[in-house]
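These notes concern the structure reproduced below.
Derivation of every value follows stated rules applied to the coordinates shown; laboratory data play no part. As the structure is a computational prediction, the values presented were derived from the model and not from experiment. Cβ: placed from backbone, ideal geometry, glycine included. Neighbour counts: every protein chain shown.
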Amino acid sequence: AQSVTQLDSQVPVFEEAPVELRCNYSSSVSVYLFWYVQYPNQGLQLLLKYLSGSTLVKGINGFEAEFNKSQTSFHLRKPSVHISDTAEYFCAVSEMDSSYKLIFGSGTRLLVRP
Amino acid sequence: EAQVTQNPRYLITVTGKKLTVTCSQNMNHEYMSWYRQDPGLGLRQIYYSMNVEVTDKGDVPEGYKVSRKEKRNFPLILESPSPNQTSLYFCASSLIGGLSTDTQYFGPGTRLTVL
């Protein structure tokens, strides 16, 4: 069965510093990978997704993620964060043979400090 | 404006009192889904619907019911709520069930407390 692990429950970082949010997945088949962001008191929004092709995926708000098949990882990065990036970030995976089912990780709270 | 709406946004109820959380989307999406979000567990899928009159269980369906009589609406029904159903609930929709081409759009959430 597929699963998603986000090892860091909270990541504090200073404004304008780089950040990496880690995501590892487990699946016996090929997968699609997603990052969602949840701002306080809001629903989730899609940041970016990996379907196929280039392993480096660029998303909204300056975020990018790299798919590493050998390490089964899909880490999210941003070179310089802003206060407004403070939110909870969820990694999710969907297996290619059952693409209607989305499995989420437990989330990482990014706290950007001035 | 394209959106997914949920009502109510906040609800406090007591054990055993039937309740319904409504979900509606105005994007003519075929696929709709309900999730619950609990601290440390992320989002877990309760039920989903591929189209009108087609529903199926997700990972945590116990204690919940759904119906899909119209394309735009996908209500979540708790026939006899219990305290372990206290959670934050999200409804989501996408054009079709194939996530390779679709983005899931989420509602604002419903915070439910069962006493």
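At a glance:
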quantity	calculated
Magnitude of the charge dipole, the protein assembly as shown, Cβ model with Lys/Arg +1 and Asp/Glu -1, debye to 20	480
Trypsin sites (Lys or Arg not before Pro) lying in DSSP loop within the stretch B:14-61, provided at most 14 other Cβ fall within 10 Å	B:Lys17, B:Lys18
Shielding by other protein chains, A:90-97, mean Cβ within 10 Å	2
Mean projected area (nm²) of the alpha-carbon convex hull when the stretch A:1-75 is viewed from all directions	6.0
Whether the stretch B:22-115 is rounded, prolate or oblate, judged on the alpha carbon gyration tensor where a/c under 1.5 counts as rounded	prolate
Extension gain, B:Met50 back to B:Glu62 (0.36 nm per residue minus Cα-Cα distance, nm)	2.4 nm
Global size of the protein assembly as shown as Cα Rg and Dmax, reported in angstrom	17.5, 51
Under 5 Å, built H, 5+ apart or other chain: amide partners of B:Leu43	A:Phe104
Virtual paramagnetic centre 7 Å along Cα→Cβ of B:Lys18, amide N under 12 Å, in the stretch B:67-95	B:77-81
Number of partner chain Cβ atoms within 10 Å, mean per residue of A:39-47	4
Other protein chain Cβ atoms within 10 Å, averaged over every residue that makes up B:76-82	0
Cβ crowding within 10 Å averaged over residues, with A:18-28, B:2-12 ranked highest first	A:18-28, B:2-12
Alpha-carbon centroids, the stretch A:32-101 and the stretch B:50-86: separation in whole Å	27
Sequence-distant residues sharing a close amide H with B:Arg111 (under 5 Å, placed H)	B:Tyr10, B:Leu11, B:Tyr89
